[in-house]
1. For region 372-390, state whether one or more residues are among the hydroxyl-bearing types (Ser, Thr, Tyr), more than 30 Å from Lys201 (Cβ to Cβ) and modelled with pLDDT under 80.
2. Would you point out the residue of region 167-218, among those that are hydrophobic (A, V, I, L, M, F, W, C) and part of a loop (DSSP other than H, G, I, E, B), that is nearest to Tyr429 (Cα to Cα)?
3. Quick one: how many residues across region 73-117 are free of Cβ contacts under 8 Å to residues at least 40 places away in the same chain, in a loop (DSSP other than H, G, I, E, B) and touching a helix residue (DSSP H, G or I) at 6+ places or on another chain (Cβ under 6 Å)?
4. Within region 157-182, which residues are within 25 Å of Cys53 (Cβ to Cβ), over 39 Å from the mean Cα position of the chain (by Cα) and not basic (Lys, Arg)?
5. Tell me whether region 150-161 contains one or more residues that are among the aliphatic types (A, V, I, L, M), surrounded by 12 or more Cβ atoms within 10 Å (Cβ to Cβ), in contact (Cβ under 8 Å) with a residue 40 or more places away in the chain and not assigned by TED's automatic domain parsing to the domain that holds Ile47.
6. Of the residues that sit in region 389-437 and are loosely packed, with under 13 Cβ neighbours inside 10 Å and touching a residue at least 12 places away in the same chain (Cβ under 8 Å), which one is nearest to Gly227 (Cα to Cα)?
7. Tell me, which residue of region 47-63 that is in a loop (DSSP other than H, G, I, E, B) and in contact with a helix residue (DSSP H, G or I) (Cβ under 9 Å, 6 or more places away or on another chain) is farthest from Leu76 (Cα to Cα)?
Amino acid sequence: MIRAVRANKRGFHTAAFTTGVNLVLADRSSAAGDKDTTNALGKSTLIEIIDFCLASNTSPGKGLRIEALQGWAFTLELTIGGNDVAVTRSPDAPGFFAIEGPTAGWPVEPTPNKEGIPGLDTKKWRAVLAWALFGISELASESGYRPSARSLLSYFVRNQAAAYIIPFKHFDNQKVWDVQVHNAFLLGLNWEKAATWQQLKDQKNALDALKQAIKTGAVDGELASLGELEAERLRLATHLEREREALSSFRVLPQYREIEGQANVLTSEIHALVNANIVDKRRLERYRDSVVDEDAPTADRLDALYSEAGIALPGAVRKTLADARAFNEKIIANRREFIAGEIAALEAAVTDREAQIVTQTDRRAGYLSALAGQGALEELTQLQELHAATRLKVNELTNRITQLRQMTTKSDTIKVETVELKRATTLDYEERRALWSQALPVDW
C-alpha cells in the first residue's frame, strides 16, 4: 500500500493516501466557468512520481529528469513485505534508491552509498518489488519470457494515453509475448504456457529463417530433398573409396624423377635417329634414281656438241672428238663411283642408326617398366590432397543430411508440441475459470 508521496522542496504538496480507492482531483473555485481547465495542476505528475519511485526507466531531459528539477528528490512511503518504508529517488542520481525503515526478510539488503545512505540500485530495488508485490524472483540469471515487476506495475501505473486504449496493453508497441505472459500472470492463468507458446514461435521462425538463408545463399547448402542428398553422398563415398585404394597401392620411387628424365632423353634421341634415317633414305632414293637414269651420250650427240662449240668458239676448241669422248666417259665413271660411295655410306649410316634405335628403345622400355605402378612423392601428395578434398565434401554432405533431418524432425516436433500446448492451455483455462472470472466484474 502507498501511504504518501512527498518531495524535498517546499513547493511540493505532500499527497497522503488511505486504505481503499483514492481519487486525486483538482480544486475548482466557485467562480470557475466552463472554459476554465484543471490541466497542468499536477495530477499526471503525481502518477509519474509514483512510477519514478517504483524504478521506471528514465531518459535524460525527459519526464522528471529535466533541468528544472535538478536538486529535487521524491519520496514514496509504502508498505513492502509487511514493513513500512520510505524510498527516495532523485533525478540527479536515478540509479540509486535510498531506503528508510526496516528491511528484515528482504531478498536483498540495502547497502550504504558513498554518502553513507543505505539504499539499492535499480536492479535490486526491482527485485524487491517483484518479490514483495508479485511473489516472483528477478535475482536469478534466468532469461527469456518471464513476467517482470516493471511490466506488471505498468498495468497499474498507466501514465501514457496509449495505455488506456487497450486494457491488455500498457503501451502501443508492446510485444505479443509480453502482453500474453503478463496478462496470464495477472489473471491467475499459467503464464509459463504463454511463454512456451512464444518459444515454439521462435523455434519455428528460426527454422524458417534458416531455410530462407539457405535458399538465398546466405548460408552454405541447398534445399535438396533427402533422397537427392543421400544419392550424392553415396556417389562421393564410392569415389572416396576408389581414391583410398589408389593411395594404399601407391609406391614412391626415390629415383623417380631421375629415371623419368633419362627415359625422356632416350625418347628424344630415338626421335632424332628416326628423323635422320628418314632424311638419308630419301637421299638414297635420289642417288639410286640418278644412277639408273644417267646414260653416256651417243657419238652423234658428241659430234653435234663439238660442231656447235667449234662454231661458237672458232679456234678455241683444240681437242679432238676422240678426246672429248674419252673425257666424257671418265666423268660419268667418276660420278657413278662417287654415287656408289655415297650410297654405301648412307646405307651404313641407316643400318647403324636402326641398331641404335633398337638399343635405345630397349633401354627406355626398362626405365618405363621401373616407373610403372610407382610415382614421385609430388604425385602422392597430389593424390592425398584430392582424397582429403573428397572426404571434406562427403563430411559436408553428411552434415547437410543431418541438418535436414534435424530440421524436419524439429518442424514435426514443433507441430506436435503446439497441438499439445493448445490442448493443455484450453484445459488450464477451463480449470481456472473461477479464478480469472473474478478479475472481470468491476464493482464500485
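The values are calculated or read from the model by the stated rules, or taken from the named source; none is laboratory data. Just so it is clear, the model here is predicted, and its values are computed rather than measured. Neighbour counts run over all protein chains shown; Cβ positions are idealised from the backbone, glycine included.
1. yes
2. So, considering only residues that are hydrophobic (A, V, I, L, M, F, W, C) and part of a loop (DSSP other than H, G, I, E, B), the one nearest to Tyr429 (Cα to Cα) is Leu189.
3. Total meeting the criteria: 4.
4. Hits for region 157-182 are Val157, Asn159, Gln160, Ala161, Ala162, Ala163, Tyr164, Pro167, His170.
5. There is at least one residue in region 150-161 that is among the aliphatic types (A, V, I, L, M), surrounded by 12 or more Cβ atoms within 10 Å (Cβ to Cβ), in contact (Cβ under 8 Å) with a residue 40 or more places away in the chain and not assigned by TED's automatic domain parsing to the domain that holds Ile47.
6. Arg405
7. Out of the qualifying residues, it is Gly61.
To keep it simple, each residue is scored yes or no on (1) among the small types (Gly, Ala, Ser); (2) surrounded by 14 or more Cβ atoms within 10 Å (Cβ to Cβ); (3) at pLDDT below 90.
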{"site": "Ala4", "(1), (2), (3)": "yes, no, no"}
{"site": "Asn8", "(1), (2), (3)": "no, no, no"}
{"site": "Val21", "(1), (2), (3)": "no, no, yes"}
{"site": "Val24", "(1), (2), (3)": "no, no, yes"}
{"site": "Val87", "(1), (2), (3)": "no, yes, no"}
{"site": "Phe96", "(1), (2), (3)": "no, yes, no"}
